Structures are given as C-alpha cells and as structure tokens.
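For reference, the structure discussed in these notes is given below.
The values are calculated or read from the model by the stated rules, or taken from the named source; none is laboratory data. Given the structure is predicted, the values throughout are model-derived calculations rather than measurements. Glycine gets a Cβ as well: all are built from the backbone with ideal geometry, and neighbour counts include every protein chain shown. Only protein heavy atoms, including side chains, enter the accessible area calculation; ligands, DNA and RNA are left aside. Shrake-Rupley method; radii C 1.70, N 1.55, O 1.52, S 1.80 Å.
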Amino acid sequence: MSVPVLDLQGVAFAYPDGHQALHGVDLHVHQGERVALLGPNGAGKTTLVLHLNGILMPGLGSVSVSGLPVTKENLLEVRRRVGIVFQDPDDQLFMGTVREDVAFGPKNLGLRGPELERRVLEALEAVGMAEYADRPPHHLSFGQRRRVAVATVLAMQPEVLVLDEPSSNLDPASRRELADILRSLDVTVLLVTHDLPYALELCPRSVILSDGVVAADGPTADILGDEALMKAHRLELPFGFDPRFASRP
Amino acid sequence: MGAPHGHKLHFHGHSWLHRLPAHVKLVALVAFMLTVVATPRDWYPVFAGYFLMLVALVAISHVPPTYLAKRMVVEVPFVVFAALLPFVATGPQVEVLGLSLSEQGLLGAWGLLVKGTLGVLASLLLAATTEPGALLAGLERLRMPPLLVQIMGFMIRYLDVVTDELRRMHVARESRGFSARDPRQWPVIAKSAGVLFIRSYERGERVHLAMLSRGYDGRMPR
C-alpha cells in the first residue's frame, strides 16, 4: 500500500487547562480518498484538525503527512500539504481584495510574479470566482466567501483539503454548488461535518470521532445505516432521510 | 452589506480630486492641518480663505455638500466643549445677548471651532475621494512602517464585520424588550460592549490561526 496522505498514530492531546480532548486517535487517509469526519459537539474534531497542520502538537503519538512527520522544522511544508478551510469565511479572508487573499498562502511559500498570478487565477477558476478577483471579500455573499476561502487554500496546491463544516449557513443552492466544486477537485478531502446527507453525498468513507477516539470507520452508507452505532454517539439523521434510499451521484 | 464601492465614508466618483494619488492628498491634508493650527486665531480673513479653498475643492470633487454635512456630526462633542468655554473661562467679561461671557473664552471657542471644523471637513473630503485601499497604499508609499499599515488594513477589513455583529446584538436585545431610553437598563449596554470586545478578540485569534495555517510566519509576504 502507498504512503497515506494523512497518518495519525495514537494521537493524544490535553489542553493546558487539563481537559483531555484526544485519547489516542489512529487514522489513515489515502491519496484521492474523500473521508467524512463525524461526531457530536465536543468530540474533539476541531482539536484533531488543528493537529493535521501542526497548530497543535500531540502530547503522545505522531502525525505524518505523506510520510513527512509534523514537527517544528517541517511546519511550512506541512502547511502547504494540508489546506484547512475554517468554518467562518470571515476568519479566513482578511485582505482587502479576493486576489490578495488567495495570493497570501502561495506568497508565504515564496511564489512571486506570473507563477503566483497563475496559481491565484487557477484557484479562483476552480471555485468559479475568477470574476470577483478584485472585489473586497466583505462585499461578497456568504456562499461566495466560503468558495473564496476554499480557493485561498487550493492556491497552495495542497495534498489534502480539510474542510470544517463547509455546508453550515449555506442555502441549498450554495450547498449544492460547493458539493459540485469539491467533487470536481482532484484532491484528497477530509470533511468535518454534522451534515450527514452531505457526508453521504460526497464521501464514500466516514469516521466517527467520539470522546477523543475513533469509534467507527467504514463505508458512509453502512455507518449512517447502523442505528445503534449512530445513537451511541449522538448522531442523528435529519427527519425523513433514509441513507438506504438516498441516491448517490 | 454596504455599497458596492469602498466604505461608507467614500463617495464614488472620477473627479480630478478622486484621481489624485493618495499620498499626495495625504501630504496635502497634513500640511493644510498644520497651517490651520499654526494660524493665529484672530486672523479672521485668512480662515475665510481656508474655508473658500475647501469649498472650491468640494465643488471640484462633485461630492454633494449635504453628504459631507451629514458626516460632520462627528464634530458635535467637540462643539459642545467649545461652546462651554466662554462660560467657564476667566478674565474680562463682555455682554452678549444679556449673558456675561469671558472675552478670552469666546476667542478660544472660536479658535477651537474654526480650526476643528476646517480639519474635519478636510479629512472628510479626503475620505470621500479616496478608497480605503488606496489610502493604505499611499501611507505605504510615504514609508509608514508596514506593521502599522497592516493593522490599519485589518481594521478596515473587519470594521464591517464588527459593526454587523454590533447590529445583530442590538436587534437581539431590542427583540427581548430592551429599551436604551431607560437609564436603569444602561448597564446592559456596557455588558454588550464587553461581549463585543471578547468576540472580536477571539475572532482575532481565529484569524491568526487561519493565517498560520497558510504558512504565515509573522511577516507579511511582499
């Protein structure tokens, strides 16, 4: 088997106040996979995500990205390989124009000139926002800002795209447009979400994180269909949604 | 969401004043202010000259005078202070409309008022004819330390986000029967301000986190 894009072994983490958020997480994600990370509030999903690019360092265990261990020396390369799209696009977009914002990441990687320009345009085209390049981000709609937030990370050509609640606060049309964009990208995806139909639509595989450990790992349809498992981890399907009858693209 | 162009203080246009490079306007504004402040307050015709000059610039800029007049309201607390001066200052007194006022105080109030008004009007004109982004670029060209320019850039970027948050908190308060007219409820406003501060602080931390995630190392890439 190839080297996994994400390789977490026994990752444990406690916050400085003593709260133990992760109790030994093992997770492997391979190239080209789209994996949903599910779990109730407070399960440690966000803590786990912040371990993937070295914002947090595990107390025990190890994290590697395509074979490169996440350590202080490798931080810049790790952050290029792992692109995190945070939940609130206003946190991610902080520059005066969309173009400057998308250029921020690649500039930190040392790109300049026409190469930088090309990266920015490609990333904006991939999310269908190229015509908004010179607009200030706060004048865009919420759905557009979320798409630009995805572009800011795509411009760094990451090996894995990590999205934290990408469908939250989106109207159904924007939600579907984002799904189309994510499907069109040739990149490994880790989707952190409470939106279970979205997980089923986009990710063949799902992982349940509960109380700081991986409680289940398998095909999304099987996991969502296992009532006892779902109930044990405070996961509920929306009213009227049955994964057995949901059509998948 | 605001207008499609720039900020609330900005009035979109293509006049000569709009097109003038931002750093030229900034230097002109500072020079103008210093001159106004240095002018002795009893050179009345000179102040009239300053005022006419600003009026001419407003005319050139095509910014409607009412647009500027409405925004002059920021000066009000200042005006109140100036209006108090003739009452509290000491020295020889003069009779005005049956009130005994201090001569020194009157002159002081006039000086404050005219210099303040000229300054506010000139600054508003700069804001109305210059996009915030251009203003920052202008400051950068004037060799303002990049860190300060960055901080101002963040301020402009998040001003709308924070005012939006403030507005939502306001709506949520009113929806639960809060009335700002009742002084007994004023402590609530103080608490809201505290909450807004903490939320903004936390947002700052999240923004920093998102920047780190894209390889930020403490220096803005040039």
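Here are a few things to note about the model shown:
- Shielded by partner chains, the range A:80-105 residues - at least 50 Å² of accessible area, 1.4 Å probe, vs chain alone: A:PHE86, A:ASP90, A:ASP91, A:PHE94, A:PHE104
- Nearest-ten-degree value, helix B:103-129 long axis tilted from longest Cα axis of chain B: 40 degrees
- Among the listed pairs A:LYS107/B:LYS8; A:LYS72/A:LYS107; B:LYS8/B:LYS191; B:LYS8/B:LYS70; A:LYS45/A:LYS231, those with a Cα-Cα distance over 23 Å are A:LYS107/B:LYS8; B:LYS8/B:LYS191.
- Solvent-accessible area lost on pairing B with A (1.4 Å probe, both sides summed) amounts to about 2400 Å².
- At the listed q of 0.16, 0.19, 0.24, 0.29 Å⁻¹, the Debye profile of the range B:145-213, built from one uniform point per Cα, gives log10 I(q)/I(0) equal to -0.68, -0.84, -1.09, -1.31.
- DSSP finds beta bridges in chain A, and of those with both partners inside it, around 55 percent are antiparallel.
- The Cβ shell under 14 Å around A:PRO58 holds other residues with a net charge of -1, Lys and Arg each +1, Asp and Glu each -1.
- The range A:24-29 - phi-based ³J(HN,Hα) in whole Hz, Karplus 6.51/-1.76/1.60, Gly and Pro as x: x, 9, 10, 8, 10, 10
- Shape call, chain B: gyration tensor on alpha carbons, a/c limit 1.5: oblate
- Å² of accessible area per residue within chain A, as computed with a 1.4 Å probe and no ligands counted: 43 Å²
- Helix B:76-88 axis, angle to chain B major axis (alpha carbon atoms, nearest 10°): 30 degrees
- Remark: the protein assembly as shown projects, on average over all directions, an area of 30.4 nm² (convex hull of Cα atoms).
- Interface residues, the range B:168-205 - accessible area loss of 20 Å² or more versus chain alone, probe 1.4 Å: B:ARG203
- Think of a 1.4 Å ball rolled over the protein heavy atoms: chain B then has 62 Å² of accessible area per residue.
- Charge tally in the Cβ shell below 10 Å around A:ASN108, where Lys, Arg are +1 and Asp, Glu are -1, A:ASN108 excluded: +4
- Spin-label model, B:SER15 to A:THR97: label points 7 Å out along the Cα-to-beta-carbon direction sit 2.5 nm apart.
- Computed from phi, the 3J(HN,Hα) profile of the range B:163-174 under the Karplus parametrisation 6.51, -1.76, 1.60 (θ = phi - 60°) reads 5, 4, 4, 4, 5, 5, 5, 4, 4, 5, 5, 4 Hz, with x in place of Gly and Pro.
- Low-density loop positions, trypsin sites (Lys or Arg not before Pro), the range B:128-165 - DSSP coil, at most 12 other Cβ in 10 Å: B:ARG143
- Counting all C-alpha pairs of chain A, share separated by more than 25 Å (%): 43 percent
- The charge dipole of chain B, taken about the Cα centre with unit charges on the Cβ atoms of Lys, Arg (+1) and Asp, Glu (-1), comes to about 780 debye, rounded to the nearest 20.
- With Cα atoms defining each centre, the range B:27-72 and the range A:36-90 are spaced 56 Å apart in the structure.
- Legend: Rg and Dmax of the range A:68-163, from Cα coordinates, 12.8, 40 Å.
- Amide proton proximity set for A:ASP217, modelled H, under 5 Å, gap of 5+: A:ILE208
- Projecting the Cα positions of A:PHE94, A:GLY105, A:THR71 onto the charge dipole of the range A:53-139 (unit charges on Cβ atoms of Lys, Arg, Asp and Glu, taken about the Cα centre) puts A:THR71 furthest along the positive direction.
- Charged-residue dipole, Cβ positions (Lys, Arg, Asp, Glu), the range B:16-138 about Cα centre, Debye nearest 20: 400 debye
- Under the shape rule built on the C-alpha gyration tensor, where the axes satisfy a ≥ b ≥ c, the range A:2-97 is rounded, since a/c falls short of 1.5.
- Just the protein heavy atoms count here, and of the accessible area of the protein assembly as shown at 1.4 Å, carbon and sulfur take up 63 percent.
- Chain B: angle of helix B:44-61 to the longest principal axis, Cα-based, in degrees nearest 10: 40 degrees
- Placed amide H near A:THR188: partners under 5 Å, 5+ positions off or other chain: A:GLY32, A:LEU161
- Beta-bridge orientation, the protein assembly as shown: approximately 60 percent antiparallel, per DSSP, counting only bridges with both partners inside.
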